[in-house]
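Asker: Take a look at this one; I'll ask things after.
Just so it is clear, none of the values below were taken in a lab; they were calculated from the coordinates. Computed from a predicted model, the values in this text were never measured in an experiment. Because the Cβ atoms are built from the backbone with ideal geometry, glycine has one as well, and the counts that use them run over all protein chains shown.
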Amino acid sequence: MNFNIKNSNRDSSLEITLRSEENDISVYEIMFSRQEACSPSEITVEFNIPYVDAFSLWNSQCGSICGAKSGTMRNILPDWRPEHQVSVSRLASGIPIQSVISQSGENVFTISVEDAKTPIEISTGTEEMGKSCLCRISFFTKPVGRLSEYHTEFIIDRRKIPFYEAIKSAAENMRRVSGKREQDIPEEARMPMYSTWYNFHQNIEDEELIAECKEAYKLGMRSIIIDDGWQTENNGGGYAYCGDWRVCSSKIKDMKSFVLRIHEIGMKVVLWYSVPYVGKKSEVWERFKGKYLDSEEREWNCLDPRFPEVREYLSGIYEKAAGEWGLDGFKLDFIDAFELTEYSDKTGIGRDFESLEDAIECLLDSVTSRLKKVNPDILIEFRQSYIGPVITRYGNMIRVGDCALDAFINRVAILDLRMTSGRAAVHSDMITWNDNDTNESMAKQLIAVLFGVSQISVRINEIKKEHYDVLKFWLDFWTENKEILLDGRLKIYNPEANYSMAEAELKDEKMCVCYSLNTVLCLSKKMTVVNGTGESYIAVRANGNYSYLILNCKGEKISEGEKSVKDIAVFDVPESGVLKMYEQ
């Protein structure tokens with residue numbers, strides 16, 4: 001393969017060597033060296049791959065509201081378009097994977113870089129004259145510390161396998177190469193959770209939360225995530241009061257006794273912290289002047305973790321809270337907000353890191369190690385876009401980015417994260433709904449996230465009974481089928497349509513969730529089909545005699561019986577209902 005290298009770094013060399021080529025996987029070694037250490041400028045490697053059978057595209061930003069350059073666009077664009085799809089990644093955001101996919105869902109080629117820490121961009125765009133794809137891998141797209149040499153490998157995977165297997169393989173390779181700690185996933189991370197955010201925002205009160213927890217436990221939720229608001233009297237939003245992390249006594253009178261009362265109910269307690277933010281209204285603001293990443297004229301700012309006292313302060317805050325209050329977990333928010341700006345320190349005085357990415361990793365390693373000493377089963381939630389194979393070693397719950405009431409984004413992002421998150425528990429964004437919504441529409445919020453762990457954010461004591469019944473049915477359904485939904489072999493269909501269907505197989509059982517109309521399913525011996533299409537039927541293809549049971553969105557039996565299926569059969573399954581079939 002021919003490479004065009006754009007390297008503006010003076011007195012430096014860059015070499016690309018084919019290290020191996022086997023089973024349609026090409027591994028290229030890239031080495032950068034310079035006589036004296038420097039902070040390198042951007043280096044870009046360009047190459048062409050023939051566009052044959054290409055239909056759509058995947059990267060970690062395609063199905064996420066966090067993807068500023070791509071959004072949910074999955075189509076193939078010409079390279080001269082400024083908005084051509086780009087996979088943007090660094091330690092604290094994104095994953096360096098870009099995949100081109102056929103209409104059948106087969107991998108055409110997947111490009112990945114083993115280094116999931118360095119700021120990297122991968123782009124693909126059509127090159128019109130050559131009817132090919134012009135691929136670019138750009139390294140050091142954001143400032144990094146001084147380097148005299150750099151080494152990594154990039155991989156081009158052309159195997160004719162399902163696209164989700166190629167993406168999963170690339171992410172697992174990065175996780176293996178990073179050589180850091182193994183993912184440790186407590187069982188509580190894999191159980192539904194109650195969140196205060198969409199239902200209370202900052203207006204929380206301890207007795208009301210206790211009452212909610214009692215109802216949440218009955219519904220199968222086993223943890224409460226207490227979000228922003230516990231640390232301030234101010235309910236106006238923003239982060240000007242963040243940084244001191246003391247309990248607001250008018251909201252929670254005594255955190256330790258409050259946690260004990262929730263433990264008595266049978267639930268764990270996870271507390272929110274905005275990791276980088278310190279506000280001007282906090283006492284600690286003056287202490288860290290000169291150690292912020294952005295202009296200190298702002299009402300709140302991001303701490304610079306390249307300073308050891310910043311890392312020690314943050315690690316100590318969480319360690320003390322876990323020990324003194326008996327917390328079970330932490331929602332560590334805004335890690336992707338750590339970013340160098342023109343205002344960031346350039347003197348180096350007092351810093352022990354030049355690289356921001358290395359400093360972030362050091363911070364997370366310190367936080368995780370110290371918390372595990374307090375509680376070996378500590379729960380740690382991260383969310384999009386800090387989801388890469390290195391950073392997810394430190395978080396055991398990986399959540400979809402904020403998308404309130406958006407079942408579409410929740411669905412797509414759950415499936416995207418399942419491909420790349422390893423053993424980590426993939427969580428939905430908090431599920432909420434309007435009190436006037438129909439049962440069927442409300443159920444779609446829950447159906448959208450069946451292949452992940454749901455977080456629920458409604459005032460349970462105030463929802464109407466029929467919505468309560470729907471919620472109970474789907475949480476019970478998920479709990480009953482948790483093993484196949486989370487641990488079964490996951491297959492994902494039609495990425496160009498933002499996934500029309502997904503199914504999981506475990507042993508001799510299959511669980512299928514349909515999201516788009518006119519889907520015809522191939523039956524197995526034992527199969528459960530969830531109707532998330534918006535229509536009132538499910539079409540199946542099989543040859544044999546089957547027993548069937550049909551339920552509505554509240555779990556009420558609509559019909560049951562036996563049916564001989566030859567080729568294609570249609571079952572009247574209500575919107576947001578369930579079809580269960582067993583071969584006789």
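Asker: Can you give me the relative contact order of the chain as a percent, contacts being Cα pairs under 8 Å and 6 or more apart?
Answerer: For the chain, the relative contact order is 12 percent.
Asker: At what distance in angstrom do the alpha carbon centres of region 13-65 and region 402-465 lie from each other?
Answerer: If you average the Cα positions of each part, the centres end up 36 Å apart.
Asker: Is there a pair in 142/280; 168/331; 6/142 whose C-alpha atoms are over 24 Å apart, and which pairs would that be?
Answerer: With Cα atoms farther than 24 Å apart: 142/280; 168/331.
Asker: For a distance above 24 Å, tell me the whole-number percent of Cα pairs in region 187-480 that qualify.
Answerer: Tail of P(r) above 24 Å: 51 percent of Cα pairs.
Asker: For 467, 201, 427, which order do you get if you count the other beta carbons within 10 Å of each Cβ and list the fewest first?
Answerer: The fewest-first ordering by Cβ neighbours comes to 201, 467, 427.
Asker: Fewest Cβ neighbours within 10 Å first, please rank 347, 519 accordingly.
Answerer: 347, 519
Asker: Enumerate the calculated ³J(HN,Hα) couplings along region 403-417 in order (Karplus 6.51 cos²θ - 1.76 cosθ + 1.60, θ = phi - 60°), each rounded to whole Hz, writing x wherever the residue is Gly or Pro.
Answerer: Per-residue couplings from phi come out as 8, 3, 6, 9, 5, 4, 5, 4, 5, 5, 5, 4, 5, 4, 5 Hz.
Asker: Please list, ordered by chain and number, the residues whose modelled amide H lies under 5 Å from the amide H of residue 194; skip anything fewer than 5 residues away on the same chain.
Answerer: Correct list: 222, 223, 224, 225, 456.
Asker: If you don't mind, another one. Extent of the chain along each principal axis, from alpha carbon coordinates, in Å, largest to smallest?
Answerer: Sorted from largest, the Cα extents of the chain read 78, 67, 37 Å.
Asker: Nearest 500 deg cm²/dmol is fine: what mean residue ellipticity at 222 nm does the chain get from its DSSP H runs of n ≥ 4 alone, each adding -39,500 (n - 2.57), divided by its residue count?
Answerer: Value at 222 nm, helices only, nearest 500: -7000 deg cm²/dmol.
Asker: Assuming 1.567 mPa s and 4 °C, estimate D for region 489-583 with Stokes-Einstein, Rh taken as the Kirkwood radius over Cα pairs, in µm²/s.
Answerer: 97 µm²/s
Asker: If you plug each phi of region 164-171 into the Karplus form 6.51 cos²θ - 1.76 cosθ + 1.60 with θ = phi - 60°, what whole-Hz ³J(HN,Hα) values come out, in order, with x for Gly and Pro?
Answerer: 5, 6, 5, 5, 4, 4, 5, 5
Asker: A further question follows. Which of 129, 511 comes first, and how do the rest follow, when ranked by fewest Cβ neighbours within 10 Å?
Answerer: The fewest-first ordering by Cβ neighbours comes to 129, 511.
Asker: Still on this structure: Beta carbons within 10 angstrom, averaged per residue: use that to sort the peptides 143-153, 439-449, highest first.
Answerer: Result, highest mean first: 439-449, 143-153.
Asker: Could you tell me which of 198, 412, 259 has its Cα farthest along the dipole of region 187-480 towards the positive end, charges placed at Cβ (Lys, Arg +1; Asp, Glu -1), taken about the Cα centre?
Answerer: It is 259, whose Cα lies furthest towards the positive end.
Asker: Residue-wise, which Karplus ³J(HN,Hα) couplings in Hz belong to region 333-344, taking 6.51 cos²θ - 1.76 cosθ + 1.60, θ = phi - 60°, and x for glycine or proline?
Answerer: Working through the residues one at a time gives 9, 6, 4, 6, 7, 5, 7, 5, 9, 5, 8, 5 Hz.
Asker: Considering amide H positions built from the backbone, and no H for Pro or chain starts, which residues 5 or more places from residue 533, or on another chain, come under 5 Å of its amide H?
Answerer: HN-HN under 5 Å from residue 533: 576.
Asker: Taking the Cα-to-Cβ direction at residue 562 and at residue 516 and moving 7 Å from each Cα, how far apart do the two end points lie in nm?
Answerer: 3.7 nm
Asker: Would you pull out the residues with amide H under 5 Å of residue 558's amide H, same chain only if 5 or more places away, H placed 1.01 Å from N?
Answerer: Hits under the 5 Å cutoff: 550, 551, 552.
Asker: What does the highest-first list of 279-285, 248-254 look like by mean Cβ count within 10 Å?
Answerer: By packing density, highest mean first, the sequence is 279-285, 248-254.
Asker: Round to the nearest 0.05 the FRET efficiency obtained for residue 280 and residue 487 when R0 = 51 Å and r is the Cβ-Cβ distance.
Answerer: Computed FRET efficiency for residue 280 and residue 487 comes out at 0.60.
Asker: Here's a follow-up. Charges at C-beta only: +1 for Lys and Arg, -1 for Asp and Glu. How large is the resulting dipole of the chain about its Cα centre, in Debye rounded to 20?
Answerer: With Lys and Arg at +1 and Asp and Glu at -1, about 660 debye.
Asker: OK, next. Using a cut-off of 26 Å between alpha-carbon atoms, which lysines can reach residue 554, once sequence neighbours fewer than 8 places away in the same chain are excluded?
Answerer: Within the straight-line limit of under 26 Å, residue 554 reaches these lysines: 214, 218, 444, 464, 465, 472, 482, 510, 525, 526, 563, 580.
Asker: Distance between Cα centroids, region 467-539 to region 84-145: provide it in whole Å.
Answerer: The distance from the Cα centre of region 467-539 to that of region 84-145 comes to 31 Å.
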